[in-house]
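A.B. asks: Here you go, one structure.
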Amino acid sequence: MAALFRGSRNVLLRWNKHVDLALVSKRSMASKTPVGFIGLGNMGSPMAKNLLKNGYPIIATDVFPESCKELHDIGAQVVDSPAEVAEKADRIITMLPSSPNVIEVYTGPNGILKKVKKGTLLIDSSTIDPAVSREMAVAAEKMGAVFMDAPVSGGVGAASLAKLTFMVGGVEEEYNAAQELLTCMGANVVYCGQVGTGQAAKICNNMLLAIGMIGTAETMNLGIRLGLDPKLLAKILNMSSGRCWSSDTYNPVPGVMEGVPSANNYQGGFGTTLMAKDLGLAQNTATNTKTPIPLGSLAHQIFRVMCSRGYANKDFSSVFQFLREEEGQ
């Protein structure tokens, strides 16, 4: 009888522990107010998932309803428009392809600012013209909301693993509130200054990334033509002064690394079209500030040509394949 009592008591203790954990989890979820998320593409979807994993209820929308299905299946509430998101959430993150998309989502007929509540924190993680970020900040301020730009670096892999780098521009007093959400999606969150400075940092980073990728692709191609094994060449580069992110983390040559787009026919990752767009932003800002960017301008032209040659939807590291194709002409 005593053994039976002890067994029943242990079961009861385990049950109570289970109930306590469930209540703690429920209280944790209840203590976090909903976050709106607009733009569920290759980057936005994993970012929103990481917010869900951290206990934030998500209210989401996307111009393509099918993009919302996976997030809906794991607990997000899906609505029909950015305006409806703004009705239901006072913290909203947007992740959109370009400046016109951002303008439409914020100021369009069904845009955020049509229904935004006073005091709402708006965080835009798109990569756009810094001048557009400043325009959106002014428009948001007129409605009593706060706009911050927080573009990201790291790509789809880092988005999935919550290891993105966020570059944040906006009112410094609001930075901590933004940081609370951004640290759920990234490993690094850096305050850059006033609105638009996050975009400036991102544009500079991507210009260097594009130049570096072209340089890595040219170097690997030359080495292969000289008879070097590509894996051996990559190993030498990565222990030498030529080492860079494009050579040691995202090598553009098929067969050199696993888990990168070059190992998957350049599918996934960061599209050539998007790189060309970002380089266009760099070109525009360089023109406006009278800043010489000869290599940035050349990189812009190369990626634009790639877009017209069938590489638009491939990862930007397909510049290696593009160069190999050019050899035969």
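The values are calculated or read from the model by the stated rules, or taken from the named source; none is laboratory data. What you see is a predicted model; the values in this text were computed from it and never measured. All Cβ positions, glycine included, derive from the backbone under ideal geometry; neighbour counts span all protein chains shown. Ligands, DNA and RNA are excluded from the accessible area calculation, which covers all protein heavy atoms including side chains. Shrake-Rupley method; radii C 1.70, N 1.55, O 1.52, S 1.80 Å.
A.B. asks: Do we have Ala234 as surrounded by 16 or more Cβ atoms within 10 Å (Cβ to Cβ), touching a residue at least 60 places away in the same chain (Cβ under 8 Å) and not hydroxyl-bearing (Ser, Thr, Tyr) here?
C.D. replies: Values: surrounded by 16 or more Cβ atoms within 10 Å (Cβ to Cβ): yes; touching a residue at least 60 places away in the same chain (Cβ under 8 Å): no; not hydroxyl-bearing (Ser, Thr, Tyr): yes.
Here the answer is no, as Ala234 does not meet what is asked.
A.B. asks: Output the residues belonging to region 177-198 that are under 21 Å from Tyr56 (Cβ atoms) and either part of a strand (DSSP E or B) or open to solvent by 60 Å² or more (accessible area, probe 1.4 Å) (or both). Walk me through it before giving the result.
C.D. replies: Here is the first cut: in region 177-198, the residues under 21 Å from Tyr56 (Cβ atoms) are 177-189.
Glu180, Thr183, Gly186, Ala187, Asn188, Val189, listed by residue number.
A.B. asks: Counting just the residues of region 284-329 that are in a loop (DSSP other than H, G, I, E, B) and in contact (Cβ under 8 Å) with a residue 12 or more places away in the chain, which one comes out nearest to Met220 (Cα to Cα)? Before the answer, list the steps.
C.D. replies: Narrowing region 284-329 to residues in a loop (DSSP other than H, G, I, E, B): 289-293, 312-314, 328-329.
Within this subset, residues satisfying the condition of being in contact (Cβ under 8 Å) with a residue 12 or more places away in the chain are 293, 312-314.
Numbers: Ile293: 24, Ala312: 22, Asn313: 23, Lys314: 19 Å.
Filtering first and then ranking leaves Lys314.
A.B. asks: For region 199-224, what are the residues that are open to solvent by 80 Å² or more (accessible area, probe 1.4 Å), without any contact (Cβ under 8 Å) to a residue 24 or more places away in the chain and either over 27 Å from Leu274 (Cα atoms) or not aliphatic (A, V, I, L, M) (or both)?
C.D. replies: Of the residues in region 199-224, the ones open to solvent by 80 Å² or more (accessible area, probe 1.4 Å) are 204, 208, 218, 222.
Checking which are without any contact (Cβ under 8 Å) to a residue 24 or more places away in the chain leaves us with 208, 222.
Hits for region 199-224: nothing passes.
A.B. asks: How about region 127-167: which of its residues are in a loop (DSSP other than H, G, I, E, B), open to solvent by less than 30 Å² (accessible area, probe 1.4 Å) and either within 16 Å of Met43 (Cα to Cα) or not assigned by the TED database to the domain that holds Leu40 (or both)?
C.D. replies: If the condition is that a residue be in a loop (DSSP other than H, G, I, E, B), open to solvent by less than 30 Å² (accessible area, probe 1.4 Å) and either within 16 Å of Met43 (Cα to Cα) or not assigned by the TED database to the domain that holds Leu40 (or both), then Thr127, Ile128, Ala150, Pro151, Ala162 are the ones that fit.
A.B. asks: Give the residues of region 250-283 that are open to solvent by 60 Å² or more (accessible area, probe 1.4 Å) and part of a loop (DSSP other than H, G, I, E, B), sorted by residue number.
C.D. replies: Pro254, Glu258, Gly259, Asn265, Gln267
A.B. asks: Which condition from (1) of a type outside the set (Phe, Trp, Tyr); (2) more than 22 Å from Ala200 (Cα to Cα); (3) more than 22 Å from the chain's Cα centre (by Cα) is the one that Pro294 breaks?
C.D. replies: (2)
A.B. asks: Could we say that Gly255 is touching a His at 6+ places or on another chain (Cβ under 8 Å) and not hydroxyl-bearing (Ser, Thr, Tyr) here? Lay out the reasoning, then the answer.
C.D. replies: On the way: touching a His at 6+ places or on another chain (Cβ under 8 Å): no; not hydroxyl-bearing (Ser, Thr, Tyr): yes.
No: the conditions fail for Gly255.
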